[in-house]
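The values are calculated or read from the model by the stated rules, or taken from the named source; none is laboratory data. Just so it is clear, the model here is predicted, and its values are computed rather than measured. Cβ placement follows ideal geometry from the backbone for every residue including glycine, while neighbour counts extend to all protein chains displayed.
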Ligand code: FES
């Protein structure tokens, strides 16, 4: 059923959204954490959350909506108490990720990006989490659960549904999805130092390098003199940088024009979003 949300966000949330925007030299750089804060309060990115971000940043609701619909971590449908992401990218898939995903769909009786009837678990297949050394990987609220099997993943979701304490294999105790979203908005929960962090498989390369005395190349190294291949590469990078700066200036000018037009006219994104909700 669609939900009409006319009331603005509560005062504390608005205050915190402004606080996030104020952290950055360019306020609009705060949009990503601001959207995480909206999710932590609303359980998803809502129309009123979009309107609030647009208002605070002085940009259009369409621009905020464009960001919120581009990144997969922003959800337009309500997420359950726990977001369970199963990596089904190539390596995890062949190591058992596909089997885990199929088992969980069956066990939870949901499809991809759906939430269980009790509102506890939202299941989604996710792309590579850069944790391939522990494949197949499942994530709960973006915390790693390494080396999973269909049986261990089933136990994991059962424990979450029963409210048992669950710990990430390389991180902290698992909190709720909304609490995790608040951390992503930049309000720490003091669990950052819990858990072992990097595991042995991720450190094998470092161990080998230390054993053999290998170090990362330094820019002071021989071969960075005038006319050297490295010097030519640096020159090319500088040229690319200046073209990039010119392109950014053009984008900024066009942004200013768009914002000016938005301020003078109606906000098309806002209308569209209200229809969606
Ligand atoms: S393929 Fe799953 S973490 Fe890389």
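Here is a yes/no grid of residues against (1) in contact (Cβ under 8 Å) with a residue 12 or more places away in the chain; (2) out of contact with any helix residue (DSSP H, G or I) (no Cβ under 8 Å at 6 or more places or on another chain):
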site	(1), (2)
56	yes, no
91	yes, no
95	yes, yes
106	no, yes
116	yes, no
123	yes, no
140	yes, no
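Can you report the number of residues in the range 103-134 which are within 16 Å of the ligand (Cβ to nearest atom) and assigned to a helix (DSSP H, G or I)?
Total meeting the criteria: 4.
Any residue at all in the range 89-101 that is under 21 Å from the mean Cα position of the chain (by Cα), at pLDDT 95 or above, within 16 Å of the ligand (Cβ to nearest atom) and not in a helix (DSSP H, G or I)?
Yes; the residues of the range 89-101 include at least one that is under 21 Å from the mean Cα position of the chain (by Cα), at pLDDT 95 or above, within 16 Å of the ligand (Cβ to nearest atom) and not in a helix (DSSP H, G or I).
Before we move on, is residue 144 within 11 Å of the ligand (Cβ to nearest atom) and touching a helix residue (DSSP H, G or I) at 6+ places or on another chain (Cβ under 8 Å)? Please lay out each step first, then the result.
Details: within 11 Å of the ligand (Cβ to nearest atom): yes; touching a helix residue (DSSP H, G or I) at 6+ places or on another chain (Cβ under 8 Å): yes.
Against the criterion (within 11 Å of the ligand (Cβ to nearest atom) and touching a helix residue (DSSP H, G or I) at 6+ places or on another chain (Cβ under 8 Å)), residue 144 qualifies.
Exactly one of these conditions fails for residue 83: (1) without any contact (Cβ under 8 Å) to a residue 60 or more places away in the chain; (2) within 26 Å of residue 130 (Cβ to Cβ). Give me its number.
If we test residue 83 against (1) without any contact (Cβ under 8 Å) to a residue 60 or more places away in the chain; (2) within 26 Å of residue 130 (Cβ to Cβ), just (1) comes out false.
Against the condition under 30 Å from residue 101 (Cβ atoms), modelled with pLDDT of 95 or more and crowded, with 22+ Cβ neighbours inside 10 Å, how does residue 53 come out, does it pass? Spell out how you get there, then give the answer.
Values: under 30 Å from residue 101 (Cβ atoms): no; modelled with pLDDT of 95 or more: yes; crowded, with 22+ Cβ neighbours inside 10 Å: yes.
Answer is no for this residue.
How many of the residues making up the range 139-181 are outside any loop (DSSP other than H, G, I, E, B) and either within 27 Å of residue 35 (Cα to Cα) or in the same structural domain as residue 34 (by TED's automatic domain parsing) (or both)?
15
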